1. Contact list please: Cβ distance under 6 Å, first residue in segment 145-159 and in contact (Cβ under 8 Å) with a residue 24 or more places away in the chain and within 8 Å of Val273 (Cβ to Cβ), second residue open to solvent by 50 Å² or more (accessible area, probe 1.4 Å) and not polar (S, T, N, Q), pairs at least six apart or on different chains.
2. Working only within segment 185-208, note down all residues that are closer than 23 Å to Ile100 by Cα, at pLDDT 90 or above and over 26 Å from the mean Cα position of the chain (by Cα).
3. Going by the structure shown, is Gln111 within 17 Å of His288 (Cα to Cα), open to solvent by 50 Å² or more (accessible area, probe 1.4 Å) and within 19 Å of the chain's Cα centre (by Cα)?
4. If I ask for residues that are on the phi < 0 side of the Ramachandran plot and either surrounded by fewer than 23 Cβ atoms within 10 Å (Cβ to Cβ) or polar (S, T, N, Q) (or both), which ones from segment 127-141 would you list?
5. Go through segment 257-270 and give me each residue that's assigned to a strand (DSSP E or B) and over 19 Å from Phe210 (Cβ atoms).
6. Name the residue, out of Thr225, Thr152, that is surrounded by fewer than 13 Cβ atoms within 10 Å (Cβ to Cβ), under 26 Å from the mean Cα position of the chain (by Cα) and among the hydroxyl-bearing types (Ser, Thr, Tyr).
7. Just a yes or no: is a residue in segment 249-263 surrounded by 15 or more Cβ atoms within 10 Å (Cβ to Cβ) and at positive phi?
8. Testing Gln244 on (1) open to solvent by 40 Å² or more (accessible area, probe 1.4 Å); (2) in contact (Cβ under 8 Å) with a residue 40 or more places away in the chain; (3) more than 29 Å from the chain's Cα centre (by Cα); (4) under 22 Å from Ile97 (Cα atoms), one condition comes back false. Which one is that?
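The values are calculated or read from the model by the stated rules, or taken from the named source; none is laboratory data. Remember, predicted model here, so these are calculated numbers, not experimental data. Please note: Cβ atoms are built from the backbone with ideal geometry, for glycine as well, and neighbour counts cover all protein chains shown. Just so you know, the surface numbers come from the protein's heavy atoms only, side chains and all, with ligands and any DNA or RNA stripped out. Shrake-Rupley method; radii C 1.70, N 1.55, O 1.52, S 1.80 Å.
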Amino acid sequence: MRLEQLQAFLAIAETGSFQQAARKCGVTQSTISRQIQALEADLGLALFHRNAATTLTLGGDRFLPRVRKICQEWHNATAELADLVAGKQPELCIAVIHSICSHYLPPILQQFCRDYPEVQLRVTSLGSDRALKVLKDGMVDLAIVMNNRFLTASSEMVVQVLYDEPIEVLMSANHPLTAYEWIPWDKLTCYPQVVFKDGYGMQRLVQDRFERLEAKLQAVLEVNTLDAFRGVVRQGDMVALLPQSALVEARNDPTLAVRSLGNESSSLTRRVVMVTTQDRLKIPPIRHFWDLVRASIPVPEKIETSA
């Protein structure tokens with residue numbers, strides 16, 4: 001049983017004529033006749049009385065509402081896919097790490113809304129690992145995250161490197177570590193730290209560096225917003241390791257201080273990437289948002305596809 005057979009059956013039922021059905025389907029009358037004969041052979045019963053007037057048999061009458069529903073669903077599905085290819089999707093969902101949301105993203109969001117006013121833009125701020133998971137699960141169309149090759153190493157993923165940035169130390173303005181321009185790692189380990197929760201790439205990056213140094217990370221408090229980091233750190237001797245882009249507001253706050261970490265040979269950096277899937281990148285609104293990000297943030301020319 002094929003779709004064109006069902007479409008032929010529906011056309012005959014609606015026009016009452018094999019000849020008119022053939023014109024409606026854009027085929028010859030003999031083609032329509034062969035399609036109905038094959039359909040009746042598959043079903044094991046006649047669908048039409050072939051008299052002066054073509055009318056439905058009892059079986060054809062029972063079959064009609066089902067076929068009408070199938071053909072309507074097919075029409076709806078193909079129309080929806082055509083709209084998708086034409087860029088007429090109802091919404092664009094993006095998962096982004098916190099520092100991107102507060103610093104780089106706002107002008108890009110405004111430009112996209114001007115370019116695609118009919119597309120509802122939805123932005124969710126998540127940790128890197130969680131953002132990549134919801135991308136894989138199909139819950140978002142694109143993610144801007146800290147790189148994690150373990151979660152992007154599949155053939156359908158497209159990974160665009162955006163930038164590398166240093167990790168710096170946030171502390172209160174009167175903290176003892178403000179005496180240093182570059183804070184030595186052995187001094188940093190002496191103080192309690194505020195860290196991101198599990199699922200954030202930064203938490204994994206910091207933990208990994210402390211393990212390599214064979215040092216203990218005194219993680220005494222977990223938070224997940226930049227406001228919370230600033231609020232907690234300014235109250236006492238706790239410090240936090242944060243990416244440079246997350247410290248824009250802190251640099252202008254007289255109650256806070258920011259210092260470089262380690263020295264030039266032992267500094268810590270993170271890589272920020274933009275990730276989507278091969279199929280999504282072919283959809284006009286998603287591709288347009290991708291291109292806006294690339295144009296707004298200096299990136300390498302080549303799109304890097306994970307192997």
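1. Close Cβ pairs satisfying both conditions: Asn147/Arg271; Val159/Glu304.
2. Scanning segment 185-208 gives Gln193, Val194.
3. Answer is yes for this residue.
4. Correct list: Ser128, Asp129, Arg130, Lys133, Val134, Lys136, Asp137, Met139, Asp141.
5. Answer for segment 257-270, where residues must be assigned to a strand (DSSP E or B) and over 19 Å from Phe210 (Cβ atoms): Ala257, Val258.
6. Residue meeting the stated conditions: Thr225.
7. Yes, because at least one residue in segment 249-263 is surrounded by 15 or more Cβ atoms within 10 Å (Cβ to Cβ) and at positive phi.
8. Only one criterion is unmet by Gln244, namely (3).
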